[in-house]
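Taking it in order: structure first as structure tokens, then the write-up.
The values are calculated or read from the model by the stated rules, or taken from the named source; none is laboratory data. Just so it is clear, the structure is predicted and the values come from calculations on it, not from any experiment. For neighbour counting, all protein chains shown are included, and Cβ atoms are generated from backbone atoms with ideal geometry for every residue, glycine included. Heavy atoms of the whole protein, side chains included, go into the accessibility calculation; ligands, DNA and RNA do not. Shrake-Rupley method; radii C 1.70, N 1.55, O 1.52, S 1.80 Å.
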Amino acid sequence: MSIDSVAIIGLGLLGGSIGLAVAEHLPGVQTRGFDADPEVRSRASDRALVGEVCDDIVDAVRGADLVILCVPVGAMGMAASAMKPGLADHAIVSDVGSSKQGVAQELERVLPGHTVIPAHPVAGTEQSGPDAGFASLFHQRWCILTPPDGCDHARLAELRGFWEALGSTVDIMDAAHHDLVLAVTSHIPHLIAYTIVGTASDLEEVTRSEVIKYSAGGFRDFTRIAASDPTMWRDVFLSNRDAVLEMLGRFSEDLTALQRAIRRGDGDALHDLFTRTRAIRRSIIEQGQDDARPDFGRGDHE
Ligand code: NAP
């Protein structure tokens, strides 16, 4: 791999985790980083999330072989245009945004002629900010690359090698397909969690203290997802609007069918569905994408 220096823009959960993972797995690779927030930069220095924290985005990317944008999806274009004066001609520009079509279009528009290969590491937690990152975030997690048509194979192989070195398994996908798949596996589940937690907190006949007291009945697991970063998720829904609306349409139809089964007392329909969904949970655990422990094994990151 000929990536000797990496610039990380945005030093929150994803950016910080990449910096720490590079230090652990690719100790010969230099890292520089920048974040728009001076307090984040200061905390990133304290935690040594990257080798050097720069106060200027142009200095951070100067000469870097790989630049990874780790900012909210809605800020990608602005960050790309701010760093442009320092960007080396040979640099690979990538990102970690949770939606891909909109980000790819924005980066291509702002950086014509540069090698842009969007990426999405399917790894995260509900935490955000410079204290949230940890080096093992990408271990045994998928990283989806969405190269544009005509992408140089050698550059793609370099980026693949980088993510594999951090412990990820890489998949290559068309950006539109990525957005459809992630709408159903990530974006709609977040929307449902935000809805149910919002509904529960608005209920007048159930007090807030009762909601919290009896949360172990299922609600608690939704609150973990609904605690995710508001800026990040606002941007994901605005940028992946079409795929989310399509999947939401299908979800609404299935919910209506379930509503009908309950109203008609159709226990067989309910039992059949709940049996199928249990099998999906088993497959996820068998493929190492989650943990069978009641806390999903998430209590032991750091
Ligand atoms: P985060 O912890 O909030 O970190 C993002 C950082 O970027 C913040 O410190 C933010 O500063 C900074 N920033 C915003 N605009 C900037 C700009 N123009 N230039 C430089 N820095 C800027 O968020 P995250 O969870 O790491 O998410 C980052 C990206 O990863 C998002 O695109 C998200 O979709 C993607 N992603 C997230 C997850 C997840 O589970 N969290 C998983 C996979 C992918 P301010 O706070 O001051 O705005």
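Which of the following residues is assigned to a helix (DSSP H, G or I) and more than 25 Å from residue 276 (Cα to Cα): 256, 231, 185, 195? So that I can check it myself, show each step before the final result.
On the way: 256 fails: more than 25 Å from residue 276 (Cα to Cα); 185 fails: more than 25 Å from residue 276 (Cα to Cα); 195 fails: more than 25 Å from residue 276 (Cα to Cα).
From the options 256, 231, 185, 195, the qualifying one is 231.
Report whether or not residue 123 is within 12 Å of the ligand (Cβ to nearest atom), surrounded by fewer than 23 Cβ atoms within 10 Å (Cβ to Cβ) and not acidic (Asp, Glu). Can you show your working first?
Details: within 12 Å of the ligand (Cβ to nearest atom): yes; surrounded by fewer than 23 Cβ atoms within 10 Å (Cβ to Cβ): yes; not acidic (Asp, Glu): yes.
The answer is yes for residue 123.
Looking at region 127-144, which of the residues that are in contact with a Ser or Thr (Cβ under 8 Å, 6 or more places away or on another chain) and hydrophobic (A, V, I, L, M, F, W, C) is most open to solvent (accessible area, probe 1.4 Å)? Result: 142.
Does region 19-38 include one or more residues that are assigned to a strand (DSSP E or B) and near the ligand (Cβ under 9 Å from one of its atoms)? Working first, answer last.
Initially, region 19-38 is screened for residues assigned to a strand (DSSP E or B), giving 30-34.
Subsequent filtering for residues that are near the ligand (Cβ under 9 Å from one of its atoms) retains 34.
Within region 19-38, one or more residues are assigned to a strand (DSSP E or B) and near the ligand (Cβ under 9 Å from one of its atoms).
Applying the condition of being farther than 23 Å from residue 138 by Cβ and among the hydrophobic types (A, V, I, L, M, F, W, C) to region 84-110 and asking which residue is nearest to the ligand (Cβ to nearest atom) yields 110.
Look through region 1-18, keep the residues that are modelled with pLDDT of 95 or more, part of a loop (DSSP other than H, G, I, E, B) and more than 11 Å from the ligand (Cβ to nearest atom), and return whichever of them is nearest to residue 155 (Cα to Cα).
So the first thing to find is which residues in region 1-18 are modelled with pLDDT of 95 or more, and the list is 3-18.
So of that shortlist, the ones also part of a loop (DSSP other than H, G, I, E, B) come out as 3-4, 10-12.
Applying the additional criterion that residues be more than 11 Å from the ligand (Cβ to nearest atom) yields 3-4.
Numbers: 3: 10, 4: 14 Å.
Per the criteria, the residue is 3.
In region 218-241, the residues that are without any contact (Cβ under 8 Å) to a residue 40 or more places away in the chain never reach a residue that is within 10 Å of the ligand (Cβ to nearest atom) and among the basic types (Lys, Arg) with C-beta atoms less than 9 angstrom apart, at least six apart or across chains.
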